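A.B. asks: Here it is: the structure, laid out below.
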Amino acid sequence: MTKDPLTLVLAAPRGFCAGVDRAIKIVEMAIEKWGAPIYVRHEIVHNKFVVDSLRAQGAVFVEELEECPDDRPVIFSAHGVPKAVPAEAAKREMIYVDATCPLVSKVHIEAERHHANGLQMVMIGHEGHPETIGTMGQLPDGEVLLVETVEDVAKIAPRDPEQLAFITQTTLSVDDTIDIVAALKARFPAIIGPHKEDICYATTNRQEAVKAIAPKVDALLVIGAPNSSNSRRLVEVGASAGCSYSQLVGRADEIDWRALDGAKAVGITAGASAPEVLIDEVIQAFKDRYDVTVDMVETAKENVEFKVPRALREPA
């Protein structure tokens, strides 16, 4: 039986970013240094495949520090944690390693600097997301006002409209954030923004790559987890860039083949916490069903690398 021809258009960059790569290395190196079990507060990155593979090596994932014993090392996830968490770990004399992405830490430092200068913060982010919770938790209660949408900007009541600065979650939609920033500046002309955009290079690059491939394909599949903010933004970017079928899939077995019936070209990308092995798995699933030609569209080259903390580079 002959297979129908199909072109797979791979977006590049896609998949792991430097912060995710570093966070996974931190867990692996901690297990190597201190032995299993190593406790990890919250999913180290938002990807079930990654979490399961680290669990198999000896990582124990918990939601709160109180679930960890005092005598085993604990790692804080790449999304960052409120200040109270490392303070509590230090009080309990625990060994802890902070795997917060350096680009998230940059936002934390920014917030603290503005706070020290007497400014109240406005954070553009998703309520309940670990990164948002971690960033807001760098400052005392009430010092960070959260906005998710342009409409939210009209609802906030700052202490002093002349004494404001804004920061953003690192994994937002670039286009949506531009509109929210414009609304903030229109309502609060004195508001101070970041020296350099808070949305990270990896989020921006992956969204630009999706915009480049969306007009060339009949459908777009984004490989990533449902709780991954940057992966969900890629689905939205694909849809707004003109791709009528833009879907998130965790793995190849989640692909809705009926929905792809009649497609001649399918775009594939992956969120920043999705490993390349899952992309290969999806490509193979297409090759099993179609006569596949693979094209790659590369919009940026990435060579960013973050060092792991010194504690892991030193012998036990």
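A.B. asks: So which strands (runs of 3 or more DSSP E) are wholly in region 119-194 and hold at least 3 residues that are in contact with a Pro (Cβ under 9 Å, 6 or more places away or on another chain) and buried (at least 18 other Cβ atoms within 10 Å of the Cβ)? Explain how you work it out, then say what you get.
C.D. replies: Numbers: elements: 120-124, 144-147, 164-168.
Of the strands (runs of 3 or more DSSP E) lying wholly inside region 119-194, those with at least 3 residues that are in contact with a Pro (Cβ under 9 Å, 6 or more places away or on another chain) and buried (at least 18 other Cβ atoms within 10 Å of the Cβ) span 164-168.
A.B. asks: Another question, if that's okay. From the list Ala165, Ala157, Ala116, which residue is without any contact (Cβ under 8 Å) to a residue 40 or more places away in the chain, under 18 Å from Phe188 (Cα atoms) and among the aliphatic types (A, V, I, L, M)?
C.D. replies: Of Ala165, Ala157, Ala116, the one residue that is without any contact (Cβ under 8 Å) to a residue 40 or more places away in the chain, under 18 Å from Phe188 (Cα atoms) and among the aliphatic types (A, V, I, L, M) is Ala157.
A.B. asks: Continuing with the same structure: Name the single residue that is modelled with the highest pLDDT among those in region 294-316 being among the acidic types (Asp, Glu) and within 14 Å of Ile26 (Cα to Cα).
C.D. replies: Our first condition is that a residue be among the acidic types (Asp, Glu); within region 294-316, this holds for 295, 298, 302, 305, 314.
Those left that are additionally within 14 Å of Ile26 (Cα to Cα): 305, 314.
On the way: Glu305: 94, Glu314: 81.
By that ranking, first place goes to Glu305.
A.B. asks: I've got another one for you. Looking at this structure, is Asp291 in contact with an Asp or Glu (Cβ under 8 Å, 6 or more places away or on another chain) and of a type in the set (Asp, Glu)? Steps first, please.
C.D. replies: Working: in contact with an Asp or Glu (Cβ under 8 Å, 6 or more places away or on another chain): yes; of a type in the set (Asp, Glu): yes.
Criteria met by Asp291.
A.B. asks: I would also like to ask the following. Which of the residues belonging to region 90-101 are of a type in the set (Gly, Ala, Ser) and under 25 Å from the mean Cα position of the chain (by Cα)? Lay out the reasoning, then the answer.
C.D. replies: Of all residues in region 90-101, those of a type in the set (Gly, Ala, Ser) come to 90, 99.
Once the filter is applied, which keeps residues that are of a type in the set (Gly, Ala, Ser) and under 25 Å from the mean Cα position of the chain (by Cα), region 90-101 yields only Ala99.
A.B. asks: Something else now. Can you go through Ile26, Ile95, Ile38 and tell me which one is within 22 Å of Thr170 (Cα to Cα), surrounded by 15 or more Cβ atoms within 10 Å (Cβ to Cβ) and modelled with pLDDT of 95 or more? It would help to see each step written out before you state the result.
C.D. replies: Details: Ile95 fails: within 22 Å of Thr170 (Cα to Cα); Ile38 fails: within 22 Å of Thr170 (Cα to Cα).
Just a single option satisfies the conditions, and that option is Ile26.
A.B. asks: Out of (1) crowded, with 20+ Cβ neighbours inside 10 Å; (2) within 24 Å of the chain's Cα centre (by Cα); (3) assigned to a helix (DSSP H, G or I), what's the single condition that is false for Val81?
C.D. replies: Every condition holds for Val81 apart from (3).
A.B. asks: Mind telling me which of the residues Val107, Val9 ends up being aliphatic (A, V, I, L, M), touching a residue at least 40 places away in the same chain (Cβ under 8 Å), in the same structural domain as Asp280 (by TED's automatic domain parsing) and touching a strand residue (DSSP E or B) at 6+ places or on another chain (Cβ under 6 Å)? Explain how you work it out, then say what you get.
C.D. replies: Values: Val107 fails: in the same structural domain as Asp280 (by TED's automatic domain parsing).
Going through Val107, Val9 in turn, the sole match is Val9.
A.B. asks: Mind listing whichever residues of region 84-109 are more than 20 Å from His126 (Cβ to Cβ) and either touching a His at 6+ places or on another chain (Cβ under 8 Å) or not aliphatic (A, V, I, L, M) (or both)?
C.D. replies: Going through region 84-109, the residues more than 20 Å from His126 (Cβ to Cβ) turn out to be 84, 86-99, 102, 109.
Across region 84-109, the qualifying residues are Pro86, Glu88, Lys91, Arg92, Glu93, Tyr96, Asp98, Pro102.
A.B. asks: Restricting region 257-286 to residues that are surrounded by fewer than 14 Cβ atoms within 10 Å (Cβ to Cβ) and in contact with a strand residue (DSSP E or B) (Cβ under 9 Å, 6 or more places away or on another chain), which is nearest to His79 (Cα to Cα)?
C.D. replies: Restricting to residues being surrounded by fewer than 14 Cβ atoms within 10 Å (Cβ to Cβ) and in contact with a strand residue (DSSP E or B) (Cβ under 9 Å, 6 or more places away or on another chain), the top hit is Glu276.
A.B. asks: Still on this structure, I have one more. Of everything in region 216-231, what is of a type in the set (A, V, I, L, M) and touching a Phe, Trp or Tyr at 6+ places or on another chain (Cβ under 8 Å)? Give them in sequence order. Reasoning before the result, please.
C.D. replies: Initially, region 216-231 is screened for residues of a type in the set (A, V, I, L, M), giving 217, 219-223, 225.
Ala219, Leu220 - these are the residues of region 216-231 that are of a type in the set (A, V, I, L, M) and touching a Phe, Trp or Tyr at 6+ places or on another chain (Cβ under 8 Å).
A.B. asks: Out of everything in region 41-64 that is of a type in the set (Val, Ile, Thr) and part of a helix (DSSP H, G or I), what residue ends up being surrounded by the most Cβ atoms within 10 Å (Cβ to Cβ)? Walk me through it before giving the result.
C.D. replies: As a first pass, look at region 41-64 and keep what is of a type in the set (Val, Ile, Thr): 44-45, 50-51, 60, 62.
Applying the additional criterion that residues be part of a helix (DSSP H, G or I) yields 50-51.
Numbers: Val50: 23, Val51: 20.
Residue satisfying both the conditions and the ranking: Val50.
A.B. asks: Note down all Cβ pairs under 9 Å where the first residue falls in region 44-63 and is on the phi > 0 side of the Ramachandran plot, the second is buried (at least 18 other Cβ atoms within 10 Å of the Cβ) and not in a helix (DSSP H, G or I), and they're at least six residues apart or on different chains.
C.D. replies: Pairs found: Gly58/Ile38.
A.B. asks: Looking at Ala202, is it under 24 Å from Val20 (Cα atoms) and either assigned to a helix (DSSP H, G or I) or assigned by TED's automatic domain parsing to the domain that holds Gly128 (or both)? Steps first, please.
C.D. replies: Working: under 24 Å from Val20 (Cα atoms): yes; either assigned to a helix (DSSP H, G or I) or assigned by TED's automatic domain parsing to the domain that holds Gly128 (or both): yes.
Against the criterion (under 24 Å from Val20 (Cα atoms) and either assigned to a helix (DSSP H, G or I) or assigned by TED's automatic domain parsing to the domain that holds Gly128 (or both)), Ala202 qualifies.
A.B. asks: Glu236 - would you say it is within 22 Å of the chain's Cα centre (by Cα), crowded, with 16+ Cβ neighbours inside 10 Å and of a type in the set (Asp, Glu)? Spell out how you get there, then give the answer.
C.D. replies: Values: within 22 Å of the chain's Cα centre (by Cα): yes; crowded, with 16+ Cβ neighbours inside 10 Å: yes; of a type in the set (Asp, Glu): yes.
Spelling it out, Glu236 is indeed within 22 Å of the chain's Cα centre (by Cα), crowded, with 16+ Cβ neighbours inside 10 Å and of a type in the set (Asp, Glu).
The values are calculated or read from the model by the stated rules, or taken from the named source; none is laboratory data. If you're wondering where the values come from, they're calculated on a predicted model, not measured in any experiment. Here the Cβ is made from the backbone with ideal geometry for all residues, glycine too, and neighbour counts use every protein chain on show.
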